[in-house]
Every structure is written in C-alpha cells, then in structure tokens.
1. Just need a number here: residues in region B:170-211 that are in a helix (DSSP H, G or I) and away from ligand 2 (no atom under 16 Å from the Cβ).
2. Residues that are under 25 Å from A:E164 (Cβ atoms), at least 1 per element: which helices (runs of 4 or more DSSP H) completely within region A:185-246 meet that?
3. Got a number for residues in region A:68-89 being touching a strand residue (DSSP E or B) at 6+ places or on another chain (Cβ under 6 Å), within 15 Å of A:V6 (Cβ to Cβ) and either within 16 Å of ligand 1 (Cβ to nearest atom) or open to solvent by 10 Å² or more (accessible area, probe 1.4 Å) (or both)?
4. Would you pick out the residues in region A:92-133 that are at the interface with another protein chain (Cβ under 8 Å from one of its Cβ atoms) and closer than 19 Å to A:G179 by Cα?
5. I need the helices (runs of 4 or more DSSP H) fully contained in region B:1-98, keeping only those with at least 1 residues that are among the hydroxyl-bearing types (S, T, Y).
6. Keeping to region A:16-59, report how many residues are more than 26 Å from A:K189 (Cα to Cα) and within 10 Å of ligand 1 (Cβ to nearest atom).
7. Can you name the number of the only condition in (1) under 28 Å from the mean Cα position of the chain (by Cα); (2) modelled with pLDDT of 85 or more; (3) over 30 Å from B:T107 (Cα atoms) that B:C259 fails?
8. Can you confirm whether region A:94-103 contains a residue that is within 19 Å of the chain's Cα centre (by Cα) and of a type outside the set (F, W, Y)?
Amino acid sequence: MAFLEVKNINYSYSKGTPFEIAALKNCSFAVEKGEYVGVIGHTGSGKSTLMQMLNALQKPDSGAVLLDGKDINTDKVTARDTRFRVGLVFQYPEYQLFEETVRKDIAYGPTNMKLSPEEIEQRVLEAANIVGLPSDLLDKSPFDLSGGEKRRAAIAGVMAMKPEVLILDEPAAGLDPIGRKVIMDMINKYRASTGATVLLVSHSMETVAAVADRILVLNKGTIAMDGTVDSVFSRAKELIEMGLDVPAVTRIAVCLKEMGYEVNTGVYSVADAADMLLHLLGKKEGTA
Amino acid sequence: MIRDITIGQYFPGTSLIHKLDPRMKIVLLVLNIAALFLCRNFFSLLLMFVMSVAWVLLSRIPFATILKGLKMILVILVFTAFLQIFYNDDGTVLWHPVESWDFKITTGGVFSAVFIAVRIISLILMSTLLTYTTSPTLLTDAIERLLSPLKVFKIKVHSLAMMMTIALRFIPTLIEEIDIIMSAQKARGADLETGSLVQRAKALVPILVPLFVNSFRRAYELAFAMEARCYGGDEKRTRLRVMKLGGKDFAMLAVTLVCFAAVVVTSYVNMGSFFLFEKVI
Ligand SMILES: Nc1ncnc2c1ncn2[C@@H]1O[C@H](COP(=O)(O)OP(=O)(O)OP(=O)(O)O)[C@@H](O)[C@H]1O
Ligand SMILES: [Mg+2]
C-alpha cells in the first residue's frame, strides 16, 4: 500500500455554468514515503489543482485521495488533520503573511495544531533555521522584510507544522538563479531533518531534474508521464511538443538526433551533455 | 464557492437589451426603480414585475443564471418579508395565538410581505440585468457622460468614472484573491467554519490582513503605472466609440414611460375598490 495515493480523480471548475472547465481528468498515481517527486506541466495543465486535492482543500468530483490507505475526504475533521500532515506552500506564499511579527506568523500553523507554547517556539526556531532566517528578523513585521525573506518566512510557516508530505507550488517563481538554489537547498535540508516526502511543482524542467527522483508530467489535466527523471527525459521530444521548457542541452540533443546522429536525447545536465558531445566527436574522428 | 458570486459580472451577447445604448439603459433603470417605489397596489406591482421579467426574456440570459444571482439575496428577502408580516396588522386577523399578546398575523401583514418580496425581486432582476448586459467599460463610460453636466460645478467626472471602472475591474481579482488566501490559510489549519462568533471573527484576521495589504500594494502599483504613462484623461480626450441613441432606445423609453404613467395613475388616483387597485403599502 502506497503512502499517498490518488485514484482516478476528476475535477471541474464552475460546474453547471457556461464556464465549466475540466481541470483534472482521471488522474492516478501513488507516492511512497520519503520520495522526492517533481511535478511539471504547461500553464493551466492542472498542477495547482491537483496539489490542492492532496491536502483536501479541494474535493474531487469523483475518485479518491488516500493517505496511509485512508480517504482524506470522509469528513471535515479528517480533512483538517490531513492539512497538518500534508503541508502545502502556495504559489507566491509571501502574499499570505498577516501577523505582527515573523515569529507569530510562522507559529500560526503550529498554534492551530494546538501544540504547547514551548513546542511551538522550538518549531518556529527550527523552521527559521532551515530556511535561513536570522533570529533578529523574527521579531520584525513580515511586511518589512525583503521579497526573498518574505518568501522564506512563508515557507517556514508551513515547515513549522512538520508535515510528513511537503508540497511546494512553484516555490522559486520570480527568483534569480541564486534565490532558486537557496530554496532548493532549504527543501533538501527539511527532507534530511524529517525524512518527509516532497512534491515540487515547477515550470522549470531543469530545476526539477536536478533534485527530484521521479517526475510527474501533467498535460491538459491528465498525467502524461510518470517515471524516473531519466525515463521522462528520454521522451524529450514529447515534452517539447507539450510546450514544456526543457533544458537547452536536451534541446540540442534532440536536434542532433533529428540530424541523424546517434545520441541519447535524455541528457539534461551540462556535464552529461559534454560527455555526450565528446563521445560523439570522438566517434566521428574515429570513423573519418 | 466564493467564486459563484455573480454581482457585477457581464455576460456578452447580442440581444436587444445588450444593444441598447448604455446611457438609455441607466435612465430606464432609474425610471423603473422609481416606478417600483411608487407602486401602491398589486396592479401596479404586477405590471412592474411583468416588465422586469420581460426585460430578462429580452436579454436572453438564461433564467438559471438569474436565479443563481437571486439566491444570494434570499436571506435578505425572507428576513424583510418576515418582518413585514409582524409589522403590519391591518385587515382581518388570520392567527392570534395568545389573546393578551400584541402578536398576530393579519391579511394586511401577509399582503405587505408578498408585496415587499415581489418588489425586491423585481428590483434585483432589473438592476442585475444592467451589469449582466453591459460591459463595465461601457457602463462607466455611460455614467461619465450622464454626469458630464456636473463639470460645470468643477466636479471631476472623468476621475470619478475612472475610479468606478477600476473598482469594477478589480472585483473578480479580489474574489480570486480571497479564494487563494482562504485556501492558503486553511492549508495552515485555519478553521473558518466552527467555533463561536468571536472565534470565527478572529479567524477572519489572517484573511483580511493580507487582502488589504495586497489591495493597497496593487493600488499603488496601478497608480504608479498610470503616472509613468502620463495618464490624464480629464482634458480634451476624444472618444473612439461615439454613443448614439437609436430607434430601439426610444421605443424602450416609450414603453417604460407608459408603464411609469400607469403605475402613477393607478397608485395615486382613486380607481374604485377593486382588489388589485386597493392600497397595500
Ligand atoms: N478557481 C478557478 N475557477 C475556474 N477555473 C480555474 C480555477 N482555477 C484554475 N482554473 C482552471 O483550471 C485549469 C487548471 O488550473 P491550475 O491552476 O491547476 O493550472 P496550473 O498547472 O497550476 O497552471 P500554472 O502553471 O499557470 O500555475 C486551468 O485551465 C485554469 O484556467
Ligand atoms: Mg499553478
């Protein structure tokens, strides 16, 4: 039995109006404990909708989401408990900060879990440490932080609940490469300290390929691919056809293949690409 | 859930009502509302109710959509009608449970409750129809032109209209934002549905604070963007779309005026003691 299981879910927005739109169509997949799954898909492919299904924020029209084998949508209490076990960081989470101090804002989730004050304080410090917020910022107003610091504070707010599954919806959107790297390091740190399962939603295949064990590809509300990073990248041509932003080196490999060279189109890191090209050049010299 | 609110929504179409000059639509709406408030008896009310239903039919907007909009005000409707039943004790007594109490239900009470309910429904039908069939830009454009005589008094009519356009434009954005913030706080365990009134009011803080902060941020950004482009619509602006009254506008005006006259005459001139003409309110 898988840890988190999604079974044949369907979901439409604005049901019964002329604007009805099927956001998810018959999606199924399962995630094991401790896995690091990347979720990618074109804009509007249903990534955010699917992620909101996993912590019972949205209820599927049909199908079920099982956590530890139990349906999370049976009643309101189960749904709310699920939200503490499956933490979801929304897109642009910095716009949801509200407390007077960063400390209180991070403590909001743990407080809702009715933990003891000491436990809450400890979790706030731990989470702040993971996201790298210096302790002197904790007593500032969240509205006085810089954009990047706000994002970290917001992510810490979810991490402080110590969810067993951490879902992040485009956590690095709008950040520069260094900012992106910092966020990825934070996630790894959290994973290392808690052994949590992580689902990372991203537009950038490059980011996902670098960190995830496995990739889910969404296309128009269906799960188009589900497999290891290598197996998904080996179908690079299909990814490009879905309008996904594959790494530049993968694009080069696909072009080379179309020109008739025997190359592996599944490369995604620069180092692999260099190897591939050297190999190719070597072979050509050899045969010529 | 919260996105089901349809106030201010626009449903594009090509019906007669859609094609009316928006200025005329506003004038007709004002006339109709005035007529509704002048109604005194069931005859005039019925006339106005039929008028509003006719408007809905002419607009070709599905009744289901209209009813969904009405659902929102159901509570207010029931509440007002309910109060009327007890407030008015004219006519014959229908129910008087305890002799010594002043509490009783009379025909007058029931009639005025029905009267008020139908009046509110007609009011909502007509006014929602205006936004359903007129795009927000056209609407504010029309308001600006109707108010333009006020320029004589140095009132910045264009700025007022611009503010209205912006306010209308951001209603859907705000609704979407409330939805996202609510979800995000629920993901952190916010409980909006249980607890005492005070607890529930407190639970709104995590939603209202970000909502206000974001709205101010957006307002500043918009203002900066407009200033950066040297926006100044107040002076010497010419128009791409010139509104022109046509035959259908005057035809609708004529029908509305006839109804208006009928309402006034039947309500304020003694028409004998036929039930429909009897004064209710
Ligand atoms: N609240 C809503 N009401 C109506 N339709 C919606 C709503 N939210 C999303 N949709 C629609 O559902 C589909 C899936 O949206 P979703 O937000 O899940 O996409 P996404 O993959 O997260 O996109 P992005 O990468 O841009 O965040 C889209 O077609 C979108 O237009
Ligand atoms: Mg999304």
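1. Qualifying residue count, region B:170-211: 24.
2. A:205-211, A:229-233
3. Counting residues in region A:68-89 that are touching a strand residue (DSSP E or B) at 6+ places or on another chain (Cβ under 6 Å), within 15 Å of A:V6 (Cβ to Cβ) and either within 16 Å of ligand 1 (Cβ to nearest atom) or open to solvent by 10 Å² or more (accessible area, probe 1.4 Å) (or both) gives 2.
4. A:P93, A:Y95 - these are the residues of region A:92-133 that are at the interface with another protein chain (Cβ under 8 Å from one of its Cβ atoms) and closer than 19 Å to A:G179 by Cα.
5. Because the criterion is at least 1 residues that are among the hydroxyl-bearing types (S, T, Y), the helices (runs of 4 or more DSSP H) in region B:1-98 that meet it are B:42-59, B:63-71, B:74-87.
6. Selection size over region A:16-59: 14.
7. So B:C259 meets the others, but not (3).
8. yes
The values are calculated or read from the model by the stated rules, or taken from the named source; none is laboratory data. Remember, it's a predicted structure, so these values are computed and weren't measured experimentally. Quick reminder, even Gly has a Cβ in these numbers, built from the backbone with ideal geometry, and neighbours come from all protein chains shown. Side chains included, ligands, DNA and RNA excluded: accessible areas come from the protein's heavy atoms. Shrake-Rupley method; radii C 1.70, N 1.55, O 1.52, S 1.80 Å.
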